[in-house]
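First the structure, in the form of structure tokens, and then the observations on it.
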Amino acid sequence: MSTLAVERIKLTSTRSPWWCTGLALTAVVGIAALYAGLADGDVPMDVSSTQIGNALGMMIMMVMAALAVTTEYRFGTIRATFLAVPSRTRALVAKTTVVAVVTGLVGLAAAFLSWGTGALIRPSVDLGLRTAADWRMVAGAGLTYLFAAIFALGIGILVRQSAAAVSILLVWPLLLEQLVQLIPNVGRDIQDWLPFTAANRFLTMTESVPEIPYGPWGALAYFAAVSLAVLVVGLLVAQRRDA
Amino acid sequence: MIEASDLTKRYGPTVAVDDLSFVVKPGRVTGFLGPNGAGKSTTMRMILGLDRPTGGQVLIDGRRYGELEHPLRTVGALLDARWAHPNRSARSHLRWLARSNQLPRSRVDEVLDLVGLSSVADKRAGGFSLGMSQRLGIAGALLGDPQVLLFDEPVNGLDPEGILWIRQLMQGLAAEGRTVLVSSHLLSEMALTASDLVVIGRGRLIAQASTAEFVDAAAGQSILVRSPRSDRLSVLLTANGASVVADPGDGPPALLVTGVTAEQIGDTAAANGIALHELSPRRGSLEEAFMQITGDDVEYASGSGNGRHRNENNPVGATS
């Protein structure tokens, strides 16, 4: 338990995690408010349109998560950490737990705040959460944020440098996963197995589609598995190399 | 007590630490001495489990660092004063360290007071001067009241006041019965601080001895002799197997004698009715000793070079 407390103290005693969290919440809610404010009769408005800023918020929180570990390498505090807690796996798992839970809660807050903002700005539109898919679309953001943070921490532990980690985390979902679907013939098949595509499908799939090899919860399980795999590789590498 | 046995660290073809064995005893300050690049920091990182030895092992009170339950309570280390997040306050920095080893929060205030940082405890560490950062690092090392302390080049870049403070702190810690290992390439500093020395060059042990022994042995213990009949005395001493040269110093003409003791010189002079005006053993400086012994082991020697050859008659003898 003390290692969790250590990571909580570390995360809350510098300002950048607070800034990232504030920025993520503002961006997600702001985009929802903008959409709701601008949407009129021609643009249909539903639960999903309050959630369009979610992907951006997740990106920002992934950067926060990666920086939580890369700044430790940058400033040498990772060595102080390993001196205090010689089991590197224990120290890094504690950090991952704290950062991932915080990120998940931010995702949950961002999703419900933007849903509420949409309902407030457009009271005439019915934004009730009735179906399981509606609930998954809003509450599910907590889970995608959580596993995205684990993915980001795994990358951060592996590459150790802020710039490199942030580049990977932005290029992968925004560019790589978008370009793959342009590959002729196999592009679509590969796309099914890209982690962030799966995470997005978990949120947005309304029902099982025959062309997609998994249902919404299968999509989340796949995203979680990839994220945990990246983390485990990171932990194994950190255990072996010189700090 | 720190015991290193056959410690080796390779980075690809480069050997940073080569089959190094030494013992650091409690109750005294042990200087870890060597030119830059000799492998001092790498060795300290291996002691602390940060770097993985390629071969051999190092034990602290019989256990590897990774096996210690609450390591900060056994070992305190200052390897780099800048190992603190610049945007975190000194107090928060110590607070997470204390929490990790289940030390009471009151201990944070105690060590802040001890190193004299209480008034700036809530300021961000990034704004600290080097001297203040060094004090924060030392506060972290002392947090768990450990019996073993490691300091890597602790006086680098400090002003005279800071150097004096650290020197007295280390000697105080040793006087309390703790094991203190302090690395430095500053020989004069070690002469004042350390009572034992572990000397390395190119990752290999050159000597483990007390500071006095190291200097005596390395400087060859010459004796300064002044006499109105120095020519005659010189002949007599040379006949007894001593080597005699004229003192190159600025003082009045004198002889520098090696190979015999001061007692033998005095007896010889008395037996031959020769008056002596001065008879004084000269201790070499630690610098001279160090240059003589490690001369060939400087990793980045300037100028062109003599090939790699070890000192033929290593005066102290590597103990292992």
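Tally up the residues in the stretch A:109-152 that are over 18 Å from A:A221 (Cα atoms) and of a type in the set (A, V, I, L, M), please. Give the steps one after another, and end with the answer.
Here is the first cut: in the stretch A:109-152, the residues over 18 Å from A:A221 (Cα atoms) are A:109-131, A:134.
Checking the rest, the ones that are also of a type in the set (A, V, I, L, M) come to A:109-111, A:113, A:119-121, A:125, A:127, A:129.
Number of matching residues: 10.
Okay, residues lined up against (1) over 30 Å from B:A98 (Cα atoms); (2) modelled with pLDDT under 95:
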site	(1), (2)
A:A84	no, no
A:V93	no, no
A:T97	no, no
A:G104	no, no
A:G107	yes, no
A:A111	yes, no
A:W135	yes, yes
Take the residues in the stretch A:121-155 that are without any contact (Cβ under 8 Å) to a residue 40 or more places away in the chain and not in a loop (DSSP other than H, G, I, E, B); name whichever of them is most open to solvent (accessible area, probe 1.4 Å).
A:W135
Can you tell me which of (1) open to solvent by 50 Å² or more (accessible area, probe 1.4 Å); (2) in a helix (DSSP H, G or I) is the one B:I138 doesn't meet?
(1)
Just to be sure before I move on: is B:G241 in the same structural domain as B:D61 (by TED's automatic domain parsing) and part of a loop (DSSP other than H, G, I, E, B) in the structure I sent?
no
Unique match (being of a type outside the set (D, E), touching a helix residue (DSSP H, G or I) at 6+ places or on another chain (Cβ under 7 Å), open to solvent by 20 Å² or more (accessible area, probe 1.4 Å) and more than 9 Å from every other protein chain (Cβ to nearest Cβ)) among B:L79, B:L114
B:L114
Looking across the stretch B:185-214 at residues that are among the acidic types (D, E) and surrounded by 19 or more Cβ atoms within 10 Å (Cβ to Cβ), the single one that is farthest from B:L149 (Cα to Cα) is B:E189
Residue among B:T43, B:T30, B:T74 that alone is under 30 Å from B:E213 (Cα atoms) and within 14 Å of chain A (Cβ to nearest Cβ):
B:T43
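If I ask for residues that are outside any strand (DSSP E or B) and modelled with pLDDT of 85 or more, which ones from the stretch B:244-261 would you list? So that I can check it myself, show each step before the final result.
So in the stretch B:244-261, the residues outside any strand (DSSP E or B) come out as B:247-254, B:259-261.
Across the stretch B:244-261, the qualifying residue is only B:A254.
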With the structure loaded, tell me whether B:V182 is buried (at least 22 other Cβ atoms within 10 Å of the Cβ) and in contact with a Ser or Thr (Cβ under 7 Å, 6 or more places away or on another chain) or whether it fails that test.
yes
The stretch B:36-52: number of residues that are surrounded by fewer than 22 Cβ atoms within 10 Å (Cβ to Cβ), more than 16 Å from B:V180 (Cα to Cα) and of a type outside the set (K, R):
5
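I need the full set of residues from the stretch A:187-243 which are assigned to a loop (DSSP other than H, G, I, E, B), in contact with a Pro (Cβ under 7 Å, 6 or more places away or on another chain) and farther than 19 Å from A:W135 by Cα, in order please. It would help to see each step written out before you state the result.
Filtering the stretch A:187-243 down to residues assigned to a loop (DSSP other than H, G, I, E, B) leaves A:192-194, A:205-215, A:241-243.
Pick out the ones that are also in contact with a Pro (Cβ under 7 Å, 6 or more places away or on another chain) and you get A:192, A:205.
Once the filter is applied, which keeps residues that are assigned to a loop (DSSP other than H, G, I, E, B), in contact with a Pro (Cβ under 7 Å, 6 or more places away or on another chain) and farther than 19 Å from A:W135 by Cα, the stretch A:187-243 yields only A:D192.
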Filter the stretch A:26-48 down to the residues that are surrounded by fewer than 20 Cβ atoms within 10 Å (Cβ to Cβ) and assigned to a helix (DSSP H, G or I) and list them by number.
A:T26, A:A27, A:G30, A:A33, A:L34, A:G37, A:L38, A:S48
Those residues of the stretch B:172-211 which are more than 16 Å from B:I2 (Cβ to Cβ) and at pLDDT 95 or above amount to B:G172, B:A175, B:E176
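Hey, can you tell me all the residues within the stretch A:78-105 that are touching an Asp or Glu at 6+ places or on another chain (Cβ under 7 Å) and either surrounded by fewer than 20 Cβ atoms within 10 Å (Cβ to Cβ) or not β-branched (V, I, T) (or both)? Break it down stepwise before answering.
Let us first name the residues in the stretch A:78-105 that are touching an Asp or Glu at 6+ places or on another chain (Cβ under 7 Å), namely A:78, A:81, A:94-95, A:98.
Once the filter is applied, which keeps residues that are touching an Asp or Glu at 6+ places or on another chain (Cβ under 7 Å) and either surrounded by fewer than 20 Cβ atoms within 10 Å (Cβ to Cβ) or not β-branched (V, I, T) (or both), the stretch A:78-105 yields A:A94, A:K95.
The values are calculated or read from the model by the stated rules, or taken from the named source; none is laboratory data. Please read all numbers here as calculations on a predicted model, not as lab measurements. In this analysis, Cβ positions are derived from the backbone assuming ideal geometry, glycine residues included, and neighbour counts consider all displayed protein chains. Areas reflect the complete protein model, heavy atoms only, side chains present, ligands, DNA and RNA absent. Shrake-Rupley method; radii C 1.70, N 1.55, O 1.52, S 1.80 Å.
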